[in-house]
Amino acid sequence: MKNLGKELRRLRGLLARARTVRIVTHLSPDADGISACLALRLALVELGKTADVLVVDPIPGNCWFLPGCDRIVQSRSHLPPPDLIFSLDAGEPGLLAPAYDPEQDKTIPLVNVDHHLTNTLFGTVNLVDPEAGASCELLYTVIGRLGADITAEIATCLLAGLVSDTQAFRTANTTPHTLRVAADLMQRGAPLKTVVAEILESKPLAWFRLMGLVFADLRSMGPLVWAEVTPSMRLATGARPEDVDGIANLLSTVREAEVTVLFKVSDDGTVKVSVRTKGRVNAADLCMPFGGGGHARAAGCTLVGPSPAASKDRFLSAAKEALEKAGETVGAATERAARTGV
Ligand SMILES: [Mn+2]
């Protein structure tokens, strides 16, 4: 990461003046965000700070095994005002509400630690590295450079973030550095087998029932494949919000697809979109005109009215156009990968 030394120096200055630190992550938190918060809290406590993790949304069930998960605070009214706030794994400040309020909290320095390509560098200090496979990968460096010891508990949290965002080291964002970090975390006592089992391989019955409904209605048009999760599907199966999270990744494994889209329709009619791409189409570029963002291979956005059907049509048209522009045909990316080994 460029500027790492400079930003770390500024962070050390802010930390030296701070006693009470608040740690927040994005809305609908995932295991990378939660794990990063828990790891950082432990490290800051080690450094003599009072640190609290504030997460207002429900904590995904696959994080419940993590050390310190039971200490997450879910309402800001229970917390002392902080001298410093960390935002972890969030590309823009709008994703932090209501844990971070840009009006109420504007006088408090904000440290932005993230790995999203589309990060808006909204912090007082910005530790942002789009090359990092997970926010936890970047945080490993930050915690080490702050002089905290990476204990077995911190290592377990950081490894959980890596395993979650790289789907156990299988995605394009996994680098040799990711693997070296993971190896060091194992050396420090993080149990890889347990972490993989808890983060990726344990799904409630409701998840399977939801999959049945979602995939029964899978649609495709050439290299574009899409599916949707509706409120009635969630109601019928009793699925929790996090049960929906893994579907976009699973959908991305459709062999014939170059672009896969999962529409998640909310009760109020807004449609959350998760995109995965294999070919020449850049997922973040596709989502940006809709106010979203993310990574080249995985991105998302939220579509608001007039109706869920109209929102979906609008996005599918943009996806088709992007595919046409990229000249992608069915299987082109897969064939290219087979030819070139990339
Ligand atoms: Mn992440």
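Values quoted throughout were computed directly from the atomic coordinates according to the rules given, and no laboratory measurement underlies them. Keep in mind that this is a model prediction, so the values were computed, not measured. In this analysis, Cβ positions are derived from the backbone assuming ideal geometry, glycine residues included, and neighbour counts consider all displayed protein chains.
With the convex hull drawn over the C-alpha atoms of the chain, the volume per residue is 138 Å³. Translational diffusion coefficient of the stretch 205-336 at 4 °C, 1.567 mPa s, Stokes-Einstein with Kirkwood Rh over Cα pairs, in µm²/s as a whole number. My calculation gives 88 µm²/s for D. About the centre of its Cα atoms, the chain shows a dipole size close to 540 debye [charges on the beta carbon of Lys, Arg (+1) and Asp, Glu (-1) only; nearest 20 debye]. Distance between the C-alpha centers of the stretch 237-308 and the stretch 74-109? Whole Å please. With the stretch 237-308 and the stretch 74-109 each reduced to a Cα centre, they are spaced 26 Å.
Values of log10 I(q)/I(0) for the stretch 4-200 across q = 0.08, 0.16, 0.19 Å⁻¹ run -0.22, -0.95, -1.40, by the Debye formula with one identical scatterer at each alpha carbon and no solvent. Under the criterion of Cα pairs below 8 Å and six or more residues apart, the relative contact order for the chain equals 13 percent. Considering only alpha-carbon pairs that sit under 8 angstrom and 6 or more positions apart, the relative contact order computed for the stretch 105-146 is 35 percent. By the Cβ distance rule (another cysteine Cβ under 4.7 Å), the unpaired cysteines of the chain are Cys37, Cys63, Cys69, Cys136, Cys157.
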